[in-house]
Amino acid sequence: GAGVSQTPSNKVTEKGKYVELRCDPISGHTALYWYRQSLGQGPEFLIYFQGTGAADDSGLPNDRFFAVRPEGSVSTLKIQRTERGDSAVYLCASSTGDANIQYFGAGTRLSVL
Amino acid sequence: DQQVKQNSPSLSVQEGRISILNCDYTNSMFDYFLWYKKYPAEGPTFLISISSIKDKNEDGRFTVFLNKSAKHLSLHIVPSQPGDSAVYFCAAMNAGNMLTFGGGTRLMVKP
């Protein structure tokens, strides 16, 4: 079946603008994760959904970042008033919820000019 | 405070030889460890994992060793192939939740 799909693959925006990043998990996967990877570093956890609810949002850096998963499938990561420091690759992963292996999408490369 | 560390940013190995990638962690609550491989412009791809109740897991050319007392794990690739050239990330998990990643090691396998 299809893997985790993330759109867009690249997003260029200006400082202060609002952006939305989309993640379509593997069909049937109940758990969905967002990570952020800056250049030369490993991915860092942002938020985790189990079904429709955010089970753990402790990794969100500040209140400009918000994520939703209204129907328990597709998720959207929303960033308000973007800053240059938000530039990174945003990765989404999904899992079955009762297994430890997370499967990643190719990511969205966000560039804030 | 980095809870998972990969102290070697890069490693170069000759084709056919063994590649050993190392990873150290500080959080004794981690109970599951994974290795991911990443090519440029792609997401991390799951490679192999190990539960904290085991000390070794093998899958083809890939073997992961876990030393809980030293809080250290390693990935062995033998024999190494040019297609193994990629960035390898060690990741740790506590209670089946979020992954905590190391900074990655770039492996270059020379023909």
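Considering only B:16, B:83, B:60, the mean-square fluctuation computed in a Gaussian network model of chain B, springs between alpha carbons under 10 angstrom, is largest for B:60. Using C-alpha pairs below 8 Å separated by at least 6 residues, the relative contact order for chain B is 38 percent.
Relative contact order of chain A: 37 percent, from C-alpha pairs under 8 Å at least 6 residues apart in sequence. When chain A is treated as a GNM with alpha-carbon contacts under 10 Å, the residue of A:60, A:77, A:39 showing the greatest mean-square fluctuation is A:39. What does the C-alpha gyration tensor say about the overall shape of segment A:26-73? Classify as rounded when a/c is under 1.5, otherwise prolate if a/b is larger than b/c, or oblate. In terms of gyration-tensor shape, oblate. Across segment A:51-65, computed HN-Hα scalar couplings (Karplus, 6.51 cos²θ - 1.76 cosθ + 1.60, θ = phi - 60°) run x, 8, x, 7, 7, 7, 10, 5, x, 5, x, 6, 6, 6, 9 Hz from first to last residue, x flagging Gly and Pro.
Every number in this text was worked out from the coordinates using simple rules, so none of it is lab data. The structure presented is a predicted model; accordingly, all values stated were derived computationally and were not measured.
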